[in-house]
Amino acid sequence: MTRAAQTLPVPDAVGELYDRLTLSAMRDGSFNPNVHIGYWDTPDSEASVDEAMDRLTDVFIERMKLDASSRVLDLGCGVGGPALRVVERTGARVTGISISHEQVRTANRLASEAGLAARAVFEHGDAMKLPFADASFDVVMALESMCHMPDRQQVLAEVCRVLAPGGRLVLTDIFERFPRKEVRHGGIDKFCRDLMSTTADIDDYVPMLHRAGLRVREILDVTEQTTLRLAEELAKLALGGERPAALDEGNFHFSDDDFKPSDLAGADDFGCLLVTAERPR
Ligand SMILES: C[S@@+](CC[C@H](N)C(=O)[O-])C[C@H]1O[C@@H](n2cnc3c(N)ncnc32)[C@H](O)[C@@H]1O
């Protein structure tokens, strides 16, 4: 029996989903400027979920090799938390795009409030067809956004087009860690269905980067530092009866049947890749 093909996300529908998530998080007080998994360096790291989220951005910063003259594209920028941290820490200039109008509005407001609007600008746009000229960025970062894009190959080709020769790409992406199972963990199914995502094929990642014209510098399985640890942290918070400020179940949860982070408990095949690549000179 072969497995059914994954349902491809539709960008405008993903935008509407993030409009709803952003507004509901603002309403119920669970708003967080980061919309990603977080990174715990070691199994004994005592970092909170919020600290781990900032740490993931710092893991990107270590790989992006930026200075104040760098032009960065944040592909799928959320509400701008990672981009603003990049600007603060490196002085680089960041343009963020999101398919959600509400996120773009919020990100520009946060940039103004932080006094960073001259170096951080957010626009509505679709990663499948980037509204930028060839070679207009030195670095592209994509924190947990590829999973929502209907054709990774096309996105990578667009990334290669807008990168200057020698420019870098750093991304995280979701993949199924073991040879794909006939029947995958129900939490992954719900995640993909309700958060309009697909999982990447790890065997195809390097060929896909090459086909796009990019050279791989590093490709790491960071599942232990990211998705698995996050599931543990959320389980602990749920046991303690605490509402996690950063990744509140309320952020995702619309009805009893809808995906909630605790659905991923025990999903050890829900993997995360950290990829660094470059456009050859
Ligand atoms: C999980 S959030 C990550 C946000 C941000 N990178 C962060 O780490 O806080 C996924 C982001 O990808 C964006 N996205 C999804 N599909 C997109 C597309 N086709 N074009 C542009 N942005 C997209 C969403 O709007 C959202 O901002």
Checked the range 37-53 for anything open to solvent by 10 Å² or more (accessible area, probe 1.4 Å), within 16 Å of the ligand (Cβ to nearest atom) and out of contact with any helix residue (DSSP H, G or I) (no Cβ under 6 Å at 6 or more places or on another chain); matches are 50, 51
Identity of the residue in the range 226-236, in contact (Cβ under 8 Å) with a residue 12 or more places away in the chain and open to solvent by 10 Å² or more (accessible area, probe 1.4 Å), that ends up farthest from residue 158 (Cα to Cα) | 235
Does residue 130 fit the bill of being surrounded by 15 or more Cβ atoms within 10 Å (Cβ to Cβ), modelled with pLDDT of 95 or more and near the ligand (Cβ under 10 Å from one of its atoms)?
-> yes
Hits in the range 115-127 - residues which are away from the ligand (no atom under 15 Å from the Cβ) and more than 13 Å from residue 72 (Cα to Cα) = 115, 116, 117, 118
Residues being within 14 Å of the ligand (Cβ to nearest atom) and without any contact (Cβ under 8 Å) to a residue 60 or more places away in the chain - total across the range 54-76 | 4
Considering the range 148-157, residues that are open to solvent by less than 30 Å² (accessible area, probe 1.4 Å) and within 8 Å of the ligand (Cβ to nearest atom), and then whichever is farthest from the chain's Cα centre (by Cα), we arrive at 155
Among (1) touching a residue at least 40 places away in the same chain (Cβ under 8 Å); (2) closer than 23 Å to residue 21 by Cα, which single condition is residue 107 missing?
-> (1)
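Condition check ((1) open to solvent by less than 10 Å² (accessible area, probe 1.4 Å); (2) away from the ligand (no atom under 16 Å from the Cβ); (3) among the β-branched types (Val, Ile, Thr)) across all residues:
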residue: 142; (1), (2), (3): yes, no, no
residue: 164; (1), (2), (3): no, yes, no
residue: 168; (1), (2), (3): no, yes, no
residue: 174; (1), (2), (3): yes, no, yes
residue: 183; (1), (2), (3): no, yes, yes
When you scan the range 169-225, how many residues do you find that are assigned to a loop (DSSP other than H, G, I, E, B) and within 23 Å of residue 157 (Cβ to Cβ)?
-> 8
Being under 24 Å from residue 20 (Cα atoms), among the hydrophobic types (A, V, I, L, M, F, W, C) and within 11 Å of the ligand (Cβ to nearest atom), is that true of even one residue in the range 92-100?
-> yes
Among what's in the range 1-18 and is in a helix (DSSP H, G or I) and among the small types (Gly, Ala, Ser), pick the residue that is least open to solvent (accessible area, probe 1.4 Å).
-> 15
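The values are calculated or read from the model by the stated rules, or taken from the named source; none is laboratory data. The shown structure was predicted, so the numbers you read here are calculated from the model rather than taken from an experiment. Because the Cβ atoms are built from the backbone with ideal geometry, glycine has one as well, and the counts that use them run over all protein chains shown. Surface accessibility is based on the protein's heavy atoms, side chains included, excluding ligands, DNA and RNA. Shrake-Rupley method; radii C 1.70, N 1.55, O 1.52, S 1.80 Å.
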